[in-house]
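Participant: Let me give you the structure first, and then I'll get to my questions.
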Amino acid sequence: MNYKKLKNFPKNFLWGASTSAYQVEGAWNEDGKGLSVIDVKENPEGTSDYKVAADHYHRYKEDIALMAEMGLKAYRFSIAWTRIYPNGTGEINKKGIEFYNNLINELLKYNIEPIVTMYHFDLPYALQQKGGWSNRETIDAFENYAKTLFENFADRVKYWLTINEQNMMILHGTAIGTVDPNMENPEKELYQQNHHMLLAQAKAIKLCHKMCPNAKIGPAPNIVSIYPASSKPEDIIAAHNWSSIRNWLYLDMAVFGRYNSIAWSYMEEKGYTPTILEGDMEILKDAKPDFIAFNYYSTETVAESKGNDLDKMSRKGDQHIVIGEPGVYAGALNPNLQETDFGWFIDPVGFRTTLREINERYNLPLLVTENGLGAYDKLEEGDIINDDYRIDYLRKHIEQAKLAITDGVNLIGYCPWSAIDLVSTHQGIRKRYGFIYVNRDEFDLKDLRRIKKKSFYWYKKVISSNGENLE
Ligand code: BGP
C-alpha cells in the first residue's frame, strides 16, 4: 500500500539501545560473580573471550552519561544471573544486587527507562553441571531468581524481558553452549530443554503479574519473516514449515500457551517431542505476556527440501549457523538482498513484514530489542569513526518501522544493537555494532576509551526529532 501520509512515532516511543551482560560488562570473576556457561565456553580461534569485554562494569557511569548525551529514552541490558546467584540458586550475592541497583539508579537519574533482560545466554555454570535446562530444577532456580529480581528492582524497572532468543539457544544449542558440542544427536535434548525454558518463562510471567502489578513482561525471541525462494507451492510450504519451527513455536506458546501444530508434527516426525508432565500445559496456558519483544537482523529464504544434505547452506561469515534441514526445508539465497561484511542479508522491508506478521498473529504491543549492523569500523586520526554504512542500515529500518506503524502495528520502542561496542557472540570485538566505539582490539585491551561514532550524532538527531529527521 502506498500511503499519502505516514503516521508519526508515538509520543512516548522508547528510543533506546541494547547490550547484554556477558558481552559488555567484563569483571567476569569480580565481586562474587559465579561462572556462567559463557565463561567456560571455548571461543572460536582468534576471537576474544568475555573477561574484560567493554569493561562496562567499571565504567557504567561514563557509559550512561554518553547514552544520556545521545538522548536515549530507554536502555535494554541484561542482568547476569551469576552476579545475583553465583551458583544459580542458594545464597544471594549482595554485591551483584548493589551493582544493578547502581546501574538502574544511574539510568533513572537521566530519565532513561531501564528495560531488563533476565537471562541472555549466560546460564550459571553450577546449574549446567547439574544438567542445565535438561534438569527441571533449573525451572525452579529461574523462578526463584525472577522473584529476587522483582523484589529488588521492580520498584524502578517497569519493562521485563524473560529469556533472550530462546529459539536461537534451541536451534543453535551447540554454538551457544546450551548443550555439549560433542553430544551425539543433541536435538531431542534441546527440545526437552525448550519445554523447560517455556515453563520457566511462564512461571516468571505469572510471578511478575502477581508481585508487580505495574510492571510489564514479555518474551524476547529472534523473529524474522521467512520467504519462499519462488512462487512454487512447495517452496511456500517449506517457508511455512520453517517459520512455524523457527518463529511461531516460541511465540504461540508464550501468547496462547499451546504448541504450534506444524512445529509439533515436526518434533513427532523427528522423535524430538518433549516429555510433558501433568500440570505443565496448565502452567503454560496460565501466563500471558503484556507485549512481545523481538530481535530482528535479517530475513531468511528457503526452498523445498531435496531430502538430502544439499539442503544445508552455511551462512557466510558465521562459523556455526547452517540453514536447511533435509526433509523439512532447504536454505536458499535471496538475490534481491545485499549482505553485510559478515554475510548477513540486509532487509529493511523484511523488518516491516516481520512487524506486520507478529502484529497480525498476536495483536500485542511490540518492542524491538535488537536490530543493527555488525561491521569492521575504522578508527581514523582525530578519533573519528565514519560509520555511514551503519547509519544507512538503521535509517532504512526506522523508515520501515514508520510504515509498519502506519499499517497499524502497535510498536512501542526500538532498541538497536548495540548501545556501545561489545564482544560479538560469534566473532569477537572486531565485529562492531555500537554507537560508541570502545578502543580495544581482539587481544590488545589498549585504553578502552570511549569515542562517539558518526552514528552517535545521527541517532541523537533521530531521537530528538522523534524519528522525523533521519538525515
Ligand atoms: C543476537 C544476540 C546478541 C548479539 C547479536 C549479534 O543473537 O541476542 O547477544 O550477539 O545477536 O550477533 P553476533 O554477535 O553473533 O554478531
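The values are calculated or read from the model by the stated rules, or taken from the named source; none is laboratory data. Note that the structure is predicted; figures quoted are calculated from it, not measured. Don't worry about glycine lacking a Cβ; one is built from the backbone with ideal geometry, like all the others, and counts go over all protein chains shown. To get the accessible areas, we keep the full protein, side chains included, count just its heavy atoms, and leave off ligands, DNA and RNA. Shrake-Rupley method; radii C 1.70, N 1.55, O 1.52, S 1.80 Å.
Yes/no matrix, rows are residues, columns are (1) buried (at least 22 other Cβ atoms within 10 Å of the Cβ); (2) charged (D, E, K, R):
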site: Asp140; (1), (2): no, yes
site: Lys147; (1), (2): no, yes
site: Phe153; (1), (2): no, no
site: Arg156; (1), (2): no, yes
site: Leu161; (1), (2): yes, no
site: Glu165; (1), (2): yes, yes
site: Lys206; (1), (2): no, yes
site: Pro213; (1), (2): no, no
site: Asn222; (1), (2): no, no
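Participant: Would you confirm whether or not region 278-286 contains a residue that is open to solvent by 10 Å² or more (accessible area, probe 1.4 Å) and within 16 Å of the ligand (Cβ to nearest atom)?
Facilitator: We begin by selecting, within region 278-286, every residue open to solvent by 10 Å² or more (accessible area, probe 1.4 Å); these are 278-279, 281-283, 285-286.
With the extra rule that they be within 16 Å of the ligand (Cβ to nearest atom), the set shrinks to none.
Looking for residues that are open to solvent by 10 Å² or more (accessible area, probe 1.4 Å) and within 16 Å of the ligand (Cβ to nearest atom), one finds none in region 278-286, hence no.
Participant: Output the qualifying pairs, or none if there are none: Cβ atoms under 7 angstrom, residues six or more apart or on different chains, first residue in region 446-471 and hydroxyl-bearing (Ser, Thr, Tyr), second residue assigned to a loop (DSSP other than H, G, I, E, B).
Facilitator: What qualifies is Ser455/Asp387; Ser455/Phe435; Tyr459/Phe435; Ser464/Gly71.
Participant: Has region 445-456 got at least one residue that is open to solvent by less than 10 Å² (accessible area, probe 1.4 Å) and either within 16 Å of the ligand (Cβ to nearest atom) or under 22 Å from the mean Cα position of the chain (by Cα) (or both)?
Facilitator: Checking region 445-456: at least one residue is open to solvent by less than 10 Å² (accessible area, probe 1.4 Å) and either within 16 Å of the ligand (Cβ to nearest atom) or under 22 Å from the mean Cα position of the chain (by Cα) (or both).
Participant: With respect to Thr340, determine if the residue is modelled with pLDDT of 95 or more, of a type in the set (S, T, N, Q) and either under 25 Å from Leu373 (Cβ atoms) or surrounded by 13 or more Cβ atoms within 10 Å (Cβ to Cβ) (or both).
Facilitator: On the way: modelled with pLDDT of 95 or more: no; of a type in the set (S, T, N, Q): yes; either under 25 Å from Leu373 (Cβ atoms) or surrounded by 13 or more Cβ atoms within 10 Å (Cβ to Cβ) (or both): yes.
The answer is no for Thr340.
Participant: Now for a different question. Scan region 353-395 for residues that are more than 16 Å from the ligand (Cβ to nearest atom), assigned to a helix (DSSP H, G or I), more than 18 Å from the chain's Cα centre (by Cα) and free of Cβ contacts under 8 Å to residues at least 60 places away in the same chain and jot them down. Full working, then the answer.
Facilitator: Filtering region 353-395 for residues more than 16 Å from the ligand (Cβ to nearest atom) gives 353, 355-366, 378-386, 388, 391-392, 395.
Next, from what is left, pick out any that are assigned to a helix (DSSP H, G or I): 353, 355-362, 388, 391-392, 395.
From what is left, the residues that are more than 18 Å from the chain's Cα centre (by Cα) are 353, 356-357, 359-362, 388, 391-392, 395.
Once the filter is applied, which keeps residues that are more than 16 Å from the ligand (Cβ to nearest atom), assigned to a helix (DSSP H, G or I), more than 18 Å from the chain's Cα centre (by Cα) and free of Cβ contacts under 8 Å to residues at least 60 places away in the same chain, region 353-395 yields Arg356, Asn359, Glu360, Asp392.
Participant: Here's a follow-up. Could you please find all residues in region 244-271 being assigned to a helix (DSSP H, G or I) and of a type in the set (D, E, K, R)?
Facilitator: Within region 244-271, Arg246, Asp252, Glu268, Glu269, Lys270 qualify.
Participant: Moving on. What are the pairs, 6+ residues apart or on separate chains, where a residue within region 14-36 that is under 14 Å from Lys95 (Cβ atoms) has its Cβ under 6 Å from a residue that is buried (at least 24 other Cβ atoms within 10 Å of the Cβ) and of a type in the set (D, E, K, R)?
Facilitator: Lys33/Arg83
Participant: Filter region 396-428 down to the residues that are over 21 Å from Gln338 (Cβ atoms) and within 10 Å of the ligand (Cβ to nearest atom) and list them by number.
Facilitator: Of everything in region 396-428, those that are over 21 Å from Gln338 (Cβ atoms) and within 10 Å of the ligand (Cβ to nearest atom) turn out to be Ser418, Leu422, Val423, Thr425, Gly428.
Participant: Looking at Arg76, Arg59, which one is of a type in the set (Lys, Arg), within 19 Å of the chain's Cα centre (by Cα) and either crowded, with 18+ Cβ neighbours inside 10 Å or at positive phi (or both)? Write out each step before concluding.
Facilitator: Details: Arg59 fails: within 19 Å of the chain's Cα centre (by Cα).
Only one candidate qualifies: Arg76.
Participant: Could you run through region 200-243 and say how many residues are in a helix (DSSP H, G or I), more than 14 Å from Tyr329 (Cβ to Cβ) and charged (D, E, K, R)? Before you say what the answer is, go through the steps one by one.
Facilitator: The first filter runs over region 200-243 and keeps only residues in a helix (DSSP H, G or I), leaving 200-211, 233-243.
After this cut, where a residue has to be more than 14 Å from Tyr329 (Cβ to Cβ) as well, the list is 200-211.
Applying the additional criterion that residues be charged (D, E, K, R) yields 203, 206, 210.
Selection size over region 200-243: 3.
Participant: Further question on the same structure: Output the qualifying pairs, or none if there are none: Cβ atoms under 6 angstrom, residues six or more apart or on different chains, first residue in region 157-170 and free of Cβ contacts under 8 Å to residues at least 40 places away in the same chain and under 27 Å from Pro186 (Cα atoms), second residue more than 13 Å from the ligand (Cβ to nearest atom) and not acidic (Asp, Glu).
Facilitator: Cβ pairs passing all conditions: Ile170/Leu190; Ile170/Asn194.
Participant: What pairs come out if I take residues in region 110-124 that are at negative phi and pair them with residues that are within 14 Å of the ligand (Cβ to nearest atom) and basic (Lys, Arg) whose C-beta lies under 7 Å away, six or more apart or interchain?
Facilitator: These pairs meet every condition: Ile115/Arg76; Thr117/Arg76.
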